Each structure stands twice: as structure tokens, then as C-alpha cells.
Amino acid sequence: MSYTVRNLKQVEDSAVKFGFSETQEAHFARKDLDAESTGLAYFVVKPGKRQPFAHRHEHAEEIYVVLSGRGRMKLDDEIVAVESYDAIRVAPQVSRAFEAGDEGLEVLAVGTHHGDDRGDMQQDFWTD
């Protein structure tokens, strides 16, 4: 088929599977959409919570679009405020993670899929 339609809220929530459901939802839709070279993820960071780890890539540049809410995004050692409709391009090697404000944060992430570049996760990224 030359197209696929999926509701992102109905894509499996990987946060449940990996024990992070207290802080976020994480719906990785590439396979559900039958996408060959495009990665797509939908994140919901719960009010007042931070993503439990950061990640970076070897090859994959990503663009994040804040769909709703306000919060902060930590990019290596810098923290930037983000709000609805902000789009943030992140180079592959930059470590990144979100923190939601009082209303929570919904984010869409898009990037080219590189099969050998699953991302490098970093624990204890937020230090304050």
C-alpha cells in the first residue's frame, strides 16, 4: 500500500513496557506506519515531570515540535524554555530531554531513520 493511517495515541506506549509510565508516554510509530526511512515518535511528559533519561544519536538529526503545554528542554548543558508550536532541530550528537510544566507537555519527534543508530541513552541527565 502507498499510504498508512494510524492514530498515534493507539500506537504502543513503550514507557509502560520499560517502566517509565509515571513520568511519560512514548509512542514510536515508524513500524506502525510502515515507514522505511522516517522515524516518528509522540511523547507526553506528565505535569511537573522530567523524562527519566536523555539520548543522542550518531547519525540521526531530529526535529521536535511541541504540540501543547510548556516546559523546558535540556540540550547538552543548556536549558531552553519551550511552548506550543515551538520546533527544535537537534543535531545527532546533542543530548536531549524534556521537562514538563504544570500542564504537561505533548511533543512530536521526526527524523530520518538510521537502522544502526538506535541512540545512546544517558541516565542522571538532569542535575538540579
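Being more than 18 Å from GLN123 (Cβ to Cβ), among the aromatic types (Phe, Trp, Tyr) and open to solvent by 40 Å² or more (accessible area, probe 1.4 Å): is that true of PHE28 here?
Considered against the rule, which asks whether it is more than 18 Å from GLN123 (Cβ to Cβ), among the aromatic types (Phe, Trp, Tyr) and open to solvent by 40 Å² or more (accessible area, probe 1.4 Å), PHE28 comes out as yes.
What about VAL5, is it open to solvent by 30 Å² or more (accessible area, probe 1.4 Å), without any contact (Cβ under 8 Å) to a residue 24 or more places away in the chain, part of a helix (DSSP H, G or I) and over 15 Å from GLU106 (Cβ atoms)?
In short, no.
Looking at this structure, is GLY69 buried (at least 17 other Cβ atoms within 10 Å of the Cβ), modelled with pLDDT of 95 or more and of a type outside the set (S, T, N, Q)?
Spelling it out, GLY69 is indeed buried (at least 17 other Cβ atoms within 10 Å of the Cβ), modelled with pLDDT of 95 or more and of a type outside the set (S, T, N, Q).
State the number of residues belonging to the stretch 34-55 that are part of a loop (DSSP other than H, G, I, E, B) and modelled with pLDDT of 95 or more.
Of the residues in that region, 4 qualify.
Just to be sure I understand, how many residues within the stretch 8-25 are open to solvent by less than 40 Å² (accessible area, probe 1.4 Å), of a type in the set (A, V, I, L, M, F, W, C) and in a loop (DSSP other than H, G, I, E, B)?
1
So how many residues does the stretch 56-66 have that are crowded, with 16+ Cβ neighbours inside 10 Å, in a strand (DSSP E or B) and of a type in the set (A, V, I, L, M)?
1
The values are calculated or read from the model by the stated rules, or taken from the named source; none is laboratory data. Just so it is clear, the structure is predicted and the values come from calculations on it, not from any experiment. Reconstructed Cβ throughout: ideal geometry from the backbone, glycine too, with neighbour counts over all protein chains shown. These accessible areas exclude ligands, DNA and RNA; they are computed on the full protein's heavy atoms, side chains included. Shrake-Rupley method; radii C 1.70, N 1.55, O 1.52, S 1.80 Å.
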